[in-house]
Amino acid sequence: MAVSTEARAIVRATFGGRCGYCGVSETSVGGELEIDHFYPLAAGGSDDIENLVYACTACNRFKGDYAPAHDASDSLRLLRPQRDGLDAHVEETVHGRLIGLTLRGWFHIQRLHLNRPLLVERRQLHHVLQQQKADLSRSREAEARLRRENDALQGEIARLRAVVVALLGGSER
C-alpha cells in the first residue's frame, strides 16, 4: 500500500527534509528521500503519520523490515525518530563518529550503520563549518568593537586638535 501524496508531504515537512535516522538532507543527496514505516507493514505497522519516517535510501535499506520481537528487550529496539531522546542514547565524538551510551544506542548505530564513512565525513565537515561560523561571528564582533574604539579615538583626536588650535591661537595674541 503506497503512502498518499498528502501523508508524504506531511512526513517530509515534519522531518524538515532530513533523514530521521542519520540526518542527511535532500540537498545532500540531490532529491527527495523515502518514506519508511517505523513498524513495517509486514510486522503489523500502518500508514498512520505517527508510524512514518522520512529516510534516506541507505538508512531505509539498512533498517529494512526490522521489527523487534514482542518479547525483545528494550535494548534491541531502534530509537524512534522524534520520540526517543537520541542524546540519552547516542553521542557524537569530536571526530564525527557516533558512540552508544546505552545498549539501545549501540544497537541503533549498528543496525543503521550510522558510522558509514561518508556520514562520519559529513559530521566532521559540519563541525568544521560550525567552527568557521563561530570564528566568523567572533571576528565580526571584534571588528564592530574595533570600529567603535576607532570612532571614539577619532573623536578624541578631533577634540585634541581643537584644544591645540585654541592653545596655538591663544599664544599668538
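Can you confirm whether the range 82-103 contains a residue that is out of contact with any His (no Cβ under 7 Å at 6 or more places or on another chain), closer than 12 Å to Cys22 by Cα and assigned to a helix (DSSP H, G or I)?
yes
Would you confirm whether any residue within the range 85-92 is farther than 20 Å from Val11 by Cβ, out of contact with any helix residue (DSSP H, G or I) (no Cβ under 6 Å at 6 or more places or on another chain) and among the hydrophobic types (A, V, I, L, M, F, W, C)?
Yes.
I'm checking my understanding of the structure. Among residues of the range 86-145 that are outside the structural domain of Ser25 (by TED's automatic domain parsing) and small (Gly, Ala, Ser), which one is nearest to the chain's Cα centre (by Cα)?
The qualifying residue nearest to the chain's Cα centre (by Cα) is Ala134.
Take the range 34-51 and flag every residue that is of a type outside the set (S, T, N, Q) and in a loop (DSSP other than H, G, I, E, B).
Passing the criteria: Phe38, Tyr39, Pro40, Gly44, Gly45, Asp47, Asp48.
Give the residue that is nearest to Arg111 (Cα to Cα), with candidates limited to residues of the range 1-33 that are among the aliphatic types (A, V, I, L, M) and in a loop (DSSP other than H, G, I, E, B).
Filtering the range 1-33 for residues that are among the aliphatic types (A, V, I, L, M) and in a loop (DSSP other than H, G, I, E, B), the one nearest to Arg111 (Cα to Cα) comes out as Val24.
Looking at Gly20, is it within 24 Å of Gln130 (Cα to Cα), at pLDDT 95 or above and outside the structural domain of Gln130 (by TED's automatic domain parsing)?
It is true that Gly20 is within 24 Å of Gln130 (Cα to Cα), at pLDDT 95 or above and outside the structural domain of Gln130 (by TED's automatic domain parsing).
Return the residue satisfying two criteria in turn: it lies in the range 45-81 and is aliphatic (A, V, I, L, M) and surrounded by fewer than 16 Cβ atoms within 10 Å (Cβ to Cβ), and of such residues it is modelled with the highest pLDDT.
That would be Ile49.
Could you tell me whether Val128 is modelled with pLDDT under 95 and among the β-branched types (Val, Ile, Thr)?
So Val128 passes the test.
The values are calculated or read from the model by the stated rules, or taken from the named source; none is laboratory data. These figures come from a predicted structure and were not determined experimentally. Cβ coordinates were reconstructed from backbone atoms using ideal geometry, including for glycine residues, and neighbour counts include every protein chain displayed.
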